[in-house]
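The values are calculated or read from the model by the stated rules, or taken from the named source; none is laboratory data. This structure is a prediction, so every number in the text was calculated from the model and none was measured. Here the Cβ is made from the backbone with ideal geometry for all residues, glycine too, and neighbour counts use every protein chain on show. What goes into the accessible areas is simple: the full protein's heavy atoms, side chains included, and nothing from ligands, DNA or RNA. Shrake-Rupley method; radii C 1.70, N 1.55, O 1.52, S 1.80 Å.
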Amino acid sequence: MIERKLYGCIAGAAVGEAMGAATATWTTDMIRAAHGGYLTTLQKPPVSTKCKGRFVAGQPGDAFTFSWQLLGRFVADGEIHGEHAAAEELLTWGADPDHLDSAGYVTRESYCALAGIDTGYRYPFLTFDHHKISNEAAARTAAVAVFYPGDCETACQKAIMVYKNIYNNMVSLSGAGAMAAAISEALRESATCHSVLAAAVHGARRGYDIADSYRAQPAACPLVSRRIELAIEIGLKYQNDFDRAIAEIEACVGNSSAANESVPAVFGCLAATGGSAAALTMAVNLGNDTDMMGAMAGALVGALDPEALSPADIQLVSAVGSYDFATMAANIAHQIQG
Amino acid sequence: MTRKDKILGALLGAAIGDAMGAVTETKTTQAIVQRHGGFVTSLVDPVCDCFAHNNRRGMVTDDFSLVYLIGLAYIKEQGRVDQKTFEQVLIDWSMLDQYFLDHSGPNTKVEILRLKGEIPVDKYAHLKTRNHLITNGTAMKAAPMGFMNPGDYDRAITETIAMCMPTHPTDVAISAAAAVSCAVSEAMTESTSKDKIIQAALYGVKESCRRVRDTAYQVSGAKMDRRIEMAVELGLRYCHDTERLLWELASLVGTSLVCTESVAALFGLFIAAKNAFDMVVLGVNAGGDTDSMASIGGAIYGAYEGPGSFSDADRQLIEHMNFSDRDLTRHFDILGMADQLDAIIDKRRIPA
């Protein structure tokens, strides 16, 4: 069972990001106009999206390509140890111009800092920095959390240890904590949507505290945990109204690349749909940072119920990127049980 | 209270809020209290880890310097302003090193350089949206469109849209600015109330979005009206518990430079504030983009209440420390500006 859940989580992250790439940066109106309704299939992203139309249908972007490389590293190492694995992998991953070109702001900044490239950053004197509160750590957290099914605390601690050097911001790492705890819980055999949502709120709080203990850079920003609570409240309120749930989550919670908007929004999608495949549909149709929300929602939906994902979608993404999800899941399961 | 008093109140609120908040910008409320031994309640020298670290006590930043230059433009053009007027204000402002070098916001700076032809490539040209153009750079300079149009929301919105288009041509940024200009416009009327001012802000959001539906970029993201409603609800619920109010607004609505956070949050502070100076103090200590919240909120409350709660010594210090030219020879003259702007409002009412 765990191997199948691991498969669902990893494949779901890839499918979700690939599906969301076709709508990234668009408004909900633009998405519906272009697709005659909600997007539910893997499509080639148009030029007017984040990837500038360079991706083919079924191609995930920076979050999954980096996560896949990191998964390979952890499997090869036989464990997750040390604080420098992510930075070392970022250096080799970022050396590919195609990867870096599609990368989020903080990933690119961190790569440049590691590679000794001057980015012209103007504010090194700030103690509090709002510029680095992105969801990039959260969207890559499945690569760590899959090694700790049913152990939310360790998943949180490991996710933040792994990412603190490249996503050194308390809000960003709080988002990673939320995703780590939620994925860890979703991988537990008896997990429910409700238990995953509770784990997310707890994980956001733990993530914030753990990041603080590492003296991560603070930012004067809304808390991920509070915004998750708001998103869940909205999702539950509009459980029977897909359109209204999307509109309310976007209007009140937000859908940007900030970890305190798109990470909570994903949990709003889960709450509104009971954690079914519709959560992924909702995330990729919510507008703006849909590829990252797709990656996060896909990982959660796939971990909760691997059969909820479309086998055809998984097959296409696997073929496009030569991703052997089944072997990866088997290797991780072997390591966990080992 | 005279109309001139209300204009002066708005200008003083914007100026003192900006200068006082420059000291606390970017920090959390907790960090502000730790750093300063309590709330900041007066004009003090900035600390080293804020954008205004090169400033001295009483110096303003982008917020009020732009308001001041817009005020000068209204005077120069005798109230006949349009988008070209506001483009020229931005270009003139970019020549003032004391403000532009350290205090230009991320979007304002790029768009001014584009106006001047110094940035040839738009890296977002492939996109249909401009989801990043949602900072509060429009709202921070929208108060003049309000106090120059007392009670006339529709003309305030027209001039607000003209002011926003050169740097932040998105529905969300424009709606944030229109919320401010309509709030100030309503605050300038005699029989107003806090409730009417909030309703004016919400009208500004909706009406400006309607008007720019086909002419500005649509943003995918949080909406100004919903976030203002959230902030006002918190302001009403926690108006007797300042610490709780600041925490609720910062942790849920947000106080960052994103307009759907700080511009929304300041309406929660406005509802709870006891007077114009209290509004400024709340904004200064709310964390995040404190100078903008204190400046915008100060302008709204200053227009509502007049200059009574502001200190003359603070005005004199700000006039002494700030200049409208790059050679630092022309001191700000806030009293004189209020006089001249008030006279122009009457002239604008006479049909051409």
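Residues of the stretch A:240-251 include none that is within 14 Å of another protein chain (Cβ to nearest Cβ), closer than 25 Å to B:ILE32 by Cβ and surrounded by fewer than 24 Cβ atoms within 10 Å (Cβ to Cβ).
Every test in (1) in a helix (DSSP H, G or I); (2) free of Cβ contacts under 8 Å to residues at least 24 places away in the same chain is passed by B:GLY117 save one, and that test is (1). If you go through the stretch B:149-172 and keep only what is assigned to a helix (DSSP H, G or I), closer than 17 Å to B:ILE300 by Cβ and among the small types (Gly, Ala, Ser), you end up with just B:ALA156. A single member of A:ALA231, A:ALA219 is closer than 27 Å to B:ILE32 by Cα and crowded, with 24+ Cβ neighbours inside 10 Å, and it is A:ALA219. With respect to the stated conditions, B:MET279 fails to be within 14 Å of chain A (Cβ to nearest Cβ) and either closer than 16 Å to B:ILE198 by Cα or of a type in the set (D, E, K, R) (or both). Residue by residue through the stretch A:181-195, note down the ones that are among the aliphatic types (A, V, I, L, M) and either over 15 Å from the mean Cα position of the chain (by Cα) or in a loop (DSSP other than H, G, I, E, B) (or both). Those that are among the aliphatic types (A, V, I, L, M) and either over 15 Å from the mean Cα position of the chain (by Cα) or in a loop (DSSP other than H, G, I, E, B) (or both): A:LEU187, A:ALA191.
One residue is enough: does the stretch A:237-256 have a residue meeting the conditions under 14 Å from the mean Cα position of the chain (by Cα) and closer than 21 Å to A:ILE10 by Cβ? Before the answer, list the steps.
In the first step, residues of the stretch A:237-256 are kept if they are under 14 Å from the mean Cα position of the chain (by Cα); the result is A:255-256.
Those still in the list that are closer than 21 Å to A:ILE10 by Cβ too: none.
Within the stretch A:237-256, not a single residue is under 14 Å from the mean Cα position of the chain (by Cα) and closer than 21 Å to A:ILE10 by Cβ.
Candidates in the stretch B:265-288 are the residues that are open to solvent by less than 10 Å² (accessible area, probe 1.4 Å) and in a loop (DSSP other than H, G, I, E, B); of these, the one that is nearest to B:ASP5 (Cα to Cα) is B:ALA273. The helices (runs of 4 or more DSSP H) located wholly in the stretch A:1-90 that include 2 or more residues which are without any contact (Cβ under 8 Å) to a residue 60 or more places away in the chain and of a type outside the set (Phe, Trp, Tyr) occupy A:28-35, A:62-77. The residue that is farthest from the other protein chains (Cβ to nearest Cβ), among those in the stretch A:92-151 that are in contact with a Ser or Thr (Cβ under 7 Å, 6 or more places away or on another chain) and β-branched (Val, Ile, Thr), is A:VAL106. Only one entry of B:SER262, B:SER256, B:SER292 meets the criterion of being without any contact (Cβ under 8 Å) to a residue 60 or more places away in the chain, open to solvent by less than 10 Å² (accessible area, probe 1.4 Å), within 14 Å of another protein chain (Cβ to nearest Cβ) and of a type in the set (Ser, Thr, Tyr), and that entry is B:SER256.
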